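Structure first, commentary second.
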Ligand SMILES: Nc1ncnc2c1ncn2[C@@H]1O[C@H](COP(=O)(O)OP(=O)(O)OP(=O)(O)O)[C@@H](O)[C@H]1O
Ligand SMILES: [Mg+2]
């Protein structure tokens, strides 16, 4: 079986500052792949390199190969196609300055979907999956930026699902969401796993333990350990630092 | 023991605070002072007896004969039409270029190119309006004559082009600020959703920056309304309603008609009046009209900009 995502010897720089020091790993289709690691370890940067928004920042540089479905992301014919293949949920919710409806319909519209009926249906489905539909169904026309922080976060999840991605990247999605709603979304993720590959970056190590099949521990731009979640969270991971981190003994 | 600042430092701070406060207040005093002095010169015409001035005719009459011997008329309707026509057309010309320039500067330009472009745009802003007037007469005038096959090239179109060029720099730089103020997160979120650069610009950037862009346009309008020397030279400065033909029908070629503006009238006639005469006072009254127009425009721009801040 070919890997959904294959990263080989990735190095990245913001100007002079190096973030990743040559990391390699792969993500299987339809798995939930957890990434844990302390602040500044390069988790967000990694996701941005995968959907090629990393290059959007001036002064960045990268070496190594990232391939999605066996295709080097740097060489894809249509980068917009690639980005639509990947749903991205940023850690701080970014509600576009549009209505709730337009936020979710943004990606399908950009891809050329015009049919109102189809759009309505899609918007409802995505908002439902993101556990937001009931709260906003009566005010789809109000500004997305007027929602509460947690609602905005769920709006960005709905938005990320709106282009029916094959890969869903969640970057600390639950920072602004209460535990009950978080649980609801986690359940949705378990269902979505049937249709897509999920990369879950999280600061809540227990969340990775609950959801991920395999977990990678990233530290200062290097992979300390990448293994089955049972191993990482089991009594004896290969590296002592992993053990300390998941048990909260670090620093 | 806790550290304690010496007494003079506390005093110095108070002193500085007062100096700054004075600077702020002085700006207010200047604005009111200008209104006051202009009104002191122009106002008395409103109540002085024995003049031919009628307030009712002032805004509605097309007769402007301030130097006639026995039949003086002070109607500024033609001048108002001239000012609004030239300003309006110039903004129509300038806005697409200015917004395009702002988008180019903030989204497509980096490093050296951007720096140089900004310097050049600032240079453009620094060209004195009389030089623009020369350009209107010597460059644009013959161009209009040959392209559109009209007898005179000093007309509404000529002045509008010059005004557009003059108003553009401020519109571009304020517009660029407005676009730069749109958080990068928005751009990245839109791009991550598979939007192309243009989709991002039209569906996210422009809606998000629309208030700032509007403020930029309004400031450009303010600049255009108040402009004098350039339009005096480029409009042809004849007392004429560009929209009406001699037989009284609508003139579709209004762009190629000559006209006269409020500002140019003051500049060209004030030197020939005697201080305190009705003509002199009416010219100052026109000054008040101009002040009011620019005041309203600036106020609108301010309110619009405030709207931006509130949204964030
Ligand atoms: N836009 C940027 N410009 C310059 N440096 C950046 C930029 N974004 C991130 N960095 C740097 O890259 C390094 C990795 O950042 P990254 O955001 O990938 O970490 P992270 O693992 O996601 O951390 P966190 O858990 O805090 O989100 C950090 O040292 C950070 O300072
Ligand atoms: Mg991060």
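The values are calculated or read from the model by the stated rules, or taken from the named source; none is laboratory data. Here the structure is a predicted model, which is why all the values come from computation and not from measurement. Note: ideal-geometry Cβ built from the backbone for every residue, glycine included; neighbour counts use all protein chains shown.
From B:184, B:149, grab the single residue that is on the phi > 0 side of the Ramachandran plot and surrounded by fewer than 15 Cβ atoms within 10 Å (Cβ to Cβ).
Going through B:184, B:149 in turn, the sole match is B:149.
Which of the residues that make up the stretch B:254-269 are surrounded by 15 or more Cβ atoms within 10 Å (Cβ to Cβ), part of a helix (DSSP H, G or I) and at pLDDT 85 or above?
Of everything in the stretch B:254-269, those that are surrounded by 15 or more Cβ atoms within 10 Å (Cβ to Cβ), part of a helix (DSSP H, G or I) and at pLDDT 85 or above turn out to be B:262, B:263, B:264, B:265, B:266, B:267, B:269.
What pairs can you find where one residue is in the stretch B:182-193 and more than 7 Å from chain A (Cβ to nearest Cβ), the other is in a loop (DSSP other than H, G, I, E, B) and surrounded by 20 or more Cβ atoms within 10 Å (Cβ to Cβ), and their Cβ atoms are less than 7 Å apart, with a gap of 6+ or different chains?
Within 7 Å, the pairs are B:182/B:209.
Please find, within the stretch A:82-97, the residue that is farthest from residue A:147 (Cα to Cα) out of those that are within 10 Å of chain B (Cβ to nearest Cβ) and modelled with pLDDT under 85.
Within the stretch A:82-97, the match that is farthest from residue A:147 (Cα to Cα) is A:90.
Under 7 Å between Cβ atoms, which residue pairs at least 6 apart in sequence (or on different chains) link something in the stretch A:38-64 that is in contact (Cβ under 8 Å) with a residue 24 or more places away in the chain and within 14 Å of chain B (Cβ to nearest Cβ) with a partner that is near ligand 1 (Cβ under 8 Å from one of its atoms) and part of a loop (DSSP other than H, G, I, E, B)?
Filtered contacts from the stretch A:38-64: A:44/A:91; A:59/A:15.
Residues of the stretch A:139-159 being more than 16 Å from ligand 2 (Cβ to nearest atom), touching a residue at least 60 places away in the same chain (Cβ under 8 Å) and touching a strand residue (DSSP E or B) at 6+ places or on another chain (Cβ under 7 Å), which ones?
Matches in the stretch A:139-159: A:157 only.
Name every residue in the stretch A:87-107 that is more than 16 Å from ligand 2 (Cβ to nearest atom) and in a loop (DSSP other than H, G, I, E, B), in order of residue number.
Matches in the stretch A:87-107: A:95, A:96, A:97, A:98.
Tell me whether the stretch A:110-126 contains one or more residues that are within 15 Å of the chain's Cα centre (by Cα), surrounded by 14 or more Cβ atoms within 10 Å (Cβ to Cβ) and away from ligand 1 (no atom under 16 Å from the Cβ).
No, that holds for no residue.
Exactly one condition in (1) under 28 Å from residue B:206 (Cα atoms); (2) touching a residue at least 60 places away in the same chain (Cβ under 8 Å); (3) more than 9 Å from chain B (Cβ to nearest Cβ) is not met by residue A:176; state its number.
Going through (1) under 28 Å from residue B:206 (Cα atoms); (2) touching a residue at least 60 places away in the same chain (Cβ under 8 Å); (3) more than 9 Å from chain B (Cβ to nearest Cβ) one by one, residue A:176 breaks only (1).
Only one of these is closer than 22 Å to residue A:10 by Cα and away from ligand 1 (no atom under 16 Å from the Cβ): A:87, A:144. Name it.
Selected residue: A:87, the only one of A:87, A:144 that is closer than 22 Å to residue A:10 by Cα and away from ligand 1 (no atom under 16 Å from the Cβ).
Name every residue in the stretch A:48-67 that is within 16 Å of ligand 2 (Cβ to nearest atom) and within 17 Å of the chain's Cα centre (by Cα), in order of residue number.
A:48, A:49, A:50, A:51, A:53, A:54
In the stretch A:149-170, which residues are within 11 Å of another protein chain (Cβ to nearest Cβ) and more than 17 Å from residue A:128 (Cα to Cα)?
Listed by number, the list holds a single entry, A:169.
Specify the residue that is farthest from ligand 1 (Cβ to nearest atom); the eligible residues are those in the stretch A:26-45 that are part of a loop (DSSP other than H, G, I, E, B) and on the phi < 0 side of the Ramachandran plot.
A:29
Among the residues of the stretch B:194-206, what is the count of those that are buried (at least 18 other Cβ atoms within 10 Å of the Cβ) and more than 9 Å from chain A (Cβ to nearest Cβ)?
So the count comes out to 2.
State whether one or more residues within the stretch A:182-204 are without any contact (Cβ under 8 Å) to a residue 40 or more places away in the chain and either crowded, with 21+ Cβ neighbours inside 10 Å or within 16 Å of ligand 2 (Cβ to nearest atom) (or both).
Looking for residues that are without any contact (Cβ under 8 Å) to a residue 40 or more places away in the chain and either crowded, with 21+ Cβ neighbours inside 10 Å or within 16 Å of ligand 2 (Cβ to nearest atom) (or both), one finds at least one in the stretch A:182-204, hence yes.
If I filter the stretch A:11-25 down to residues being more than 16 Å from ligand 2 (Cβ to nearest atom) and part of a strand (DSSP E or B), which single residue comes out as farthest from residue A:224 (Cα to Cα)?
A:13
Per-residue answers, yes or no, for (1) within 16 Å of ligand 1 (Cβ to nearest atom); (2) closer than 19 Å to residue A:51 by Cβ; (3) modelled with pLDDT of 85 or more:
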position: A:162; (1), (2), (3): no, yes, yes
position: A:181; (1), (2), (3): no, no, no
position: A:188; (1), (2), (3): no, no, no
position: A:218; (1), (2), (3): yes, yes, yes
